[in-house]
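Working notes for the structure below.
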Amino acid sequence: MANRITAALLLGTSALALPAVAMADPAAQQASSDDGSIKEIIVTANRSESSAQKTPIALNAYSGGDLAAKGVTSVLALATVDPSINVSTNGGASYVAIRGIASTDVTETGDPSVPISRDNFFTNRSFSIATSMYDLERVEVLKGPQGTLFGRNSTGGLVQVITRKPGKTYGADISVEGGSYHAIKTEVGVDIPLADTVQLRVAGFQSYHDGYRNLDVIGGRGDDDNTKSGRVTLAFQPFEGFNGLVQYQHDDVQTTGDVAMKLPFGQPYTGQQAVHFANYAPTYNALRGDRVRWEFSYELPANLTLFYAGGYDHQKWRHALDATSVDATGAMAGAPVQFRQGENPSTWNHEVRLATPQNGKVTAQVGYFHFSEHNANLDSGLYENSGAFANNYLIHFLYDTKTTSDGAFGQFGWRPLDQLHFSAGMRYTWDHKERTGNAFLRCDIAGIPAFLYGVIGCGGTPPTIVTPGNGNVSESKPTFHVGVDWTPGLRSMVYAKFDTGFKSGGFNSNGSAPSVNYGPETLKAWEVGTKNKFLDGHLMVNADAFYQLYNGYQASQSTAVISGGASGIFNVGSAKIYGAEAQLVASTGGLRLDLNSTLLHARFNSNSVVVKGDNTTSVNLMGRRLPNAPDFVLTAGLEYAVPMGQATLTPRIELKHSSSYYFSAFNDPDTRQGEFDTLNAMLTFKPAMKGLEISAFVRNLTNKTVLASASENFQTQPIPINAYEFQPPRTFGMRVAAKF
């Protein structure tokens, strides 16, 4: 009850600010200026630079320095400070949910509903997104469909990671962090002006910690980190009106990776931190990646600017999960088995955009976007480590996938009065996805695990069944935007907008039958909001309210169209989503308070009867909650800078409260994360030496157990199992950061 009252007070405060409902926010992570007022963060949510407070879209913006101080060096960690997103792990990869909209399909044919854009470069494979969260200028979380100006498939929203650009003067910054679990994290960046018109920035990042979980039986530790990345950026201005930038990044990850606790079906995990649990087959996660990207702009006559941005990314990912069956006691049943994954995606992005100045009476942006991904020599399957078929695949997938997406877009604005602005836009997207290759199913009756019989129907068949995995789907659809915003004063804005979203479909195959297509998801979203600053910039109050209709929801279900009644992705119905978000930031005299909350109602609203993975239980999704969609989330921060001569000592405490939510559309108790509160504490000392900071921190102070994922697997023998992954336990350490 107290949580709902807090949210009501936040929304009520916003309503008093202006007689309108409201929009979200640059976030509580905005720093305070020397006079204690709240600094502005410049964002590019509308593809041009503007203050977050003057941008008519629901967003949270975080400066790179604040994220680094909070230990946010991954998208998973971003969810610990942002109330509007939920991040879940899934087989070594992650997916993001905003307002209950997410794609849980992280296979080679899946696309994210909330893409991660790195300097406007898009990739589909989420196993590589953690390697760019360093040397940041800022991160923007854009909420609601972004189907007009940005990328593809952005039905739920968009997370933009923007890295630092080269400076025009010599400079360097470095931070070193050490802590529990033998953690050591180092980040460095150096600006080198090579000439008046040529600048270079070199940045690097290294993060290591021992695993949080001890693995019984097999030994070792899981949930560890060992990430290295380096980035070189060259900016140049060879003549007036032309700006260019070329960037290269190399990534290297060598870890055990995410590990899962297995429990018998019907035993939801609600215990304390899982320090020890059994694994029976080796787990590993290895990634090597290289990315080259470029962007150029040229000022044309008639006050127009031509932009071209492009890039190439190649990733080599090798991953293995423990897929061993367990019995009712959790002990190993049968031989140890891995699920191995090997992917090699190569991705191209190209975009050409022509734009007028965005502060004029009439504005325009038009362009064309091309995306292509070729995931060659995909090699994955169920691998037996010992036993009758030691060092052999029981199921082996050898595929080649190609995805292309093209989009033509335009957005236009009209300002009949200085305070009033209208906008409208449209994007037309053409998507094509295809896969070729085969699945090889081992069917030696004497040794095949019994749980595979129901999946592939081995009885009376040859030792190996070869099943084509070919699939092909092409789809196209327009998406739209209309909006209006009003700025009655220099520090206030009210806006309203309508957007549509489109996420293309795909096809199924589990190696047991030919591919079966499923259709796209679509979204219609209405939103109203307000952004305000008061008391000479010492008080910021933002809020928004939204209503969304979500159709063609893509979810996993068991179906007879796949041999043996196995599970696949299908369109299972529609959902209605509505809610409100509010933010309050107050800063004065060294004291700062941040409050940021989300109220969300995300429910299926169609009579969709879906068969669970046991192939026997039918569930009507009507009224059930969308996965990864807590009804209420609140983040709060309180700090006070204590003067110590020319130095300051600043204690800060942060809270995240979340109501319960589910990881599955079935809303089973086994996949439920209960209500939780996590606390972070930090003590920062800034001595008289400018540019130096020393801080001590404790994250997840109370060592609260929070699930990173929960899933039910019905295709194991002798019983179905639940698999649970966990967010980090309590950690502590110190950080020293300096700028020169």
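Just need a number here: residues in segment 155-192 that are part of a loop (DSSP other than H, G, I, E, B) and either in contact with a helix residue (DSSP H, G or I) (Cβ under 8 Å, 6 or more places away or on another chain) or not aromatic (Phe, Trp, Tyr) (or both).
Qualifying residue count, segment 155-192: 10.
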Exercise. Considering only segment 88-117, how many residues are free of Cβ contacts under 8 Å to residues at least 60 places away in the same chain and within 20 Å of His374 (Cα to Cα)?
Worked result: 7
Exercise. Does at least one position in segment 708-716 carry a residue that is of a type in the set (Gly, Ala, Ser), touching an Asp or Glu at 6+ places or on another chain (Cβ under 6 Å) and not in a strand (DSSP E or B)?
Worked result: no
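Results for (1) surrounded by fewer than 16 Cβ atoms within 10 Å (Cβ to Cβ); (2) modelled with pLDDT of 95 or more; (3) farther than 26 Å from Lys531 by Cβ; (4) in contact with a Cys (Cβ under 7 Å, 6 or more places away or on another chain), shown as yes or no for each residue.
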| position | (1), (2), (3), (4) |
| --- | --- |
| Tyr578 | no, yes, no, no |
| Glu581 | no, yes, no, no |
| Gly589 | yes, no, no, no |
| Leu599 | no, yes, no, no |
| Val609 | yes, no, yes, no |
| Gly613 | no, no, yes, no |
| Val619 | no, no, yes, no |
| Met622 | yes, no, yes, no |
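In the set Asn628, Asn700, Asn722, which member is in contact with a Leu (Cβ under 9 Å, 6 or more places away or on another chain) and on the phi > 0 side of the Ramachandran plot?
After ruling out the rest, the residue left standing is Asn700.
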Exercise. Among the numbered criteria (1) under 30 Å from Ala335 (Cα atoms); (2) modelled with pLDDT of 95 or more, which single criterion is violated by Gly219?
Worked result: (2)
For this session: Output the residue which, of all residues in segment 710-740 that are at pLDDT below 90 and of a type in the set (Ser, Thr, Tyr), is surrounded by the fewest Cβ atoms within 10 Å (Cβ to Cβ).
Result: Ser711
Exercise. Could you say which residue among Val352, Val366, Val362 is in contact with a Ser or Thr (Cβ under 9 Å, 6 or more places away or on another chain) and either of a type in the set (Gly, Ala, Ser) or under 30 Å from Thr305 (Cβ atoms) (or both)?
Worked result: Val362
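Hey, among the residues in segment 464-482 that are of a type outside the set (Lys, Arg), within 30 Å of Trp414 (Cβ to Cβ) and surrounded by fewer than 21 Cβ atoms within 10 Å (Cβ to Cβ), which one's modelled with the highest pLDDT?
Step by step, filter segment 464-482, then rank; the result is Val482.
Matching residues to (1) β-branched (Val, Ile, Thr); (2) over 27 Å from Asp111 (Cβ atoms):
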position: Asn124; (1), (2): no, no
position: Ser128; (1), (2): no, no
position: Ser132; (1), (2): no, no
position: Leu136; (1), (2): no, no
position: Val139; (1), (2): yes, no
position: Leu142; (1), (2): no, no
position: Gly156; (1), (2): no, no
position: Val161; (1), (2): yes, no
position: Thr169; (1), (2): yes, yes
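For residues in segment 479-505 being among the aliphatic types (A, V, I, L, M) and out of contact with any helix residue (DSSP H, G or I) (no Cβ under 7 Å at 6 or more places or on another chain), which is farthest from Pro145 (Cα to Cα)?
Only one residue fits best here, namely Leu490.
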Seminar exercise, completed: If we keep only residues of segment 244-262 that are in a strand (DSSP E or B) and free of Cβ contacts under 8 Å to residues at least 60 places away in the same chain, then the residue surrounded by the most Cβ atoms within 10 Å (Cβ to Cβ) is Thr255
For this session: Scan Arg164, Arg152 and give me the residue that is farther than 30 Å from Thr522 by Cβ and among the basic types (Lys, Arg).
Result: Arg164
Exercise. If you go through segment 273-292 one residue at a time, do you hit one that is under 30 Å from Gln358 (Cβ atoms), assigned to a strand (DSSP E or B) and not basic (Lys, Arg)?
Worked result: yes
For this session: Would you mind finding the one in Ala102, Ala79 that is surrounded by 24 or more Cβ atoms within 10 Å (Cβ to Cβ), in contact with a Phe, Trp or Tyr (Cβ under 6 Å, 6 or more places away or on another chain) and not polar (S, T, N, Q)?
Result: Ala102
Exercise. Looking at Thr270, Thr233, Thr227, which is the one that is of a type in the set (Val, Ile, Thr), over 30 Å from Pro357 (Cβ atoms) and buried (at least 16 other Cβ atoms within 10 Å of the Cβ)?
Worked result: Thr227
For this session: Taking Thr530 as meeting all but one of (1) surrounded by fewer than 23 Cβ atoms within 10 Å (Cβ to Cβ); (2) at pLDDT 90 or above; (3) part of a strand (DSSP E or B); (4) in contact with a Ser or Thr (Cβ under 9 Å, 6 or more places away or on another chain), write down the number of the exception.
Result: (1)
For this session: Test His314 against the stated conditions and say whether it is more than 28 Å from Pro729 (Cα to Cα), of a type outside the set (Phe, Trp, Tyr) and touching a Gly at 6+ places or on another chain (Cβ under 9 Å).
Result: yes
Exercise. Do we find a residue being surrounded by fewer than 17 Cβ atoms within 10 Å (Cβ to Cβ) and in a strand (DSSP E or B) anywhere in segment 319-328?
Worked result: no
Exercise. In segment 432-442, which residue that is over 30 Å from Gly410 (Cβ atoms) and surrounded by 20 or more Cβ atoms within 10 Å (Cβ to Cβ) is modelled with the highest pLDDT?
Worked result: Arg435
Exercise. Would you pick out the residues in segment 190-224 that are of a type in the set (A, V, I, L, M, F, W, C), in contact with a Phe, Trp or Tyr (Cβ under 9 Å, 6 or more places away or on another chain), surrounded by fewer than 21 Cβ atoms within 10 Å (Cβ to Cβ) and within 29 Å of Glu177 (Cβ to Cβ)?
Worked result: Val190, Ile192
Problem set entry | Scan of segment 53-81 for residues that are within 17 Å of Met540 (Cα to Cα) and not hydroxyl-bearing (Ser, Thr, Tyr), ordered by number | Gln53, Lys54, Pro56, Ile57, Ala58, Leu59, Asn60, Ala61
Exercise. For segment 594-660, list the strands (runs of 3 or more DSSP E) that sit wholly inside it and hold at least 2 residues that are within 30 Å of the chain's Cα centre (by Cα); which are they?
Worked result: 609-611, 618-620, 632-640, 647-658
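The values are calculated or read from the model by the stated rules, or taken from the named source; none is laboratory data. Just so it is clear, the model here is predicted, and its values are computed rather than measured. Reconstructed Cβ throughout: ideal geometry from the backbone, glycine too, with neighbour counts over all protein chains shown.
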